[in-house]
Amino acid sequence: MDRLLKFCLPLDLQTWLKQYQAPECESAFAKDIPNSWYNHVMASRLAKVIQIRKKYRGPSIYIEEGRLKIYTRPSAFCHKKFADRFAIYER
């Protein structure tokens, strides 16, 4: 994301992005964002300003009905239902 666009963002979006800023060497500009309602609202607000792509991250283990379950998946893919965090990339 270029500096001018970042400067023009509302202050609450700027501070939210600073919390989860990715290192410069990565293509994501925000990463390890917890998968919560508030963070999805902030990401959708950001999507109104710039085109983004969300990538969900998490383990292949989840708890269902009090039991530990494992599902198989490609290493680069995690379903939103089982994710515990996400990253934001420019589209």
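What follows is calculated from the coordinates using simple rules that are stated; it is not laboratory data. Not measured: the values here are computed from a predicted model. Every residue, glycine as well, gets a Cβ built from its backbone with ideal geometry; the counts of neighbours run over all protein chains shown.
List of remarks:
- Residue within the stretch 69-76 that is part of a strand (DSSP E or B), without any contact (Cβ under 8 Å) to a residue 40 or more places away in the chain and more than 29 Å from L5 (Cβ to Cβ) present: yes
- Single residue of L5, L13 found to be more than 17 Å from the chain's Cα centre (by Cα), in a helix (DSSP H, G or I) and in contact (Cβ under 8 Å) with a residue 24 or more places away in the chain: L5
- Residue satisfying all of: in the stretch 1-60; polar (S, T, N, Q) and farther than 29 Å from S75 by Cβ; surrounded by the fewest Cβ atoms within 10 Å (Cβ to Cβ) among these: T15
- Any hit, the stretch 48-56, residues being in a loop (DSSP other than H, G, I, E, B), closer than 13 Å to Y89 by Cα and either among the basic types (K, R) or touching a residue at least 40 places away in the same chain (Cβ under 8 Å) (or both): yes
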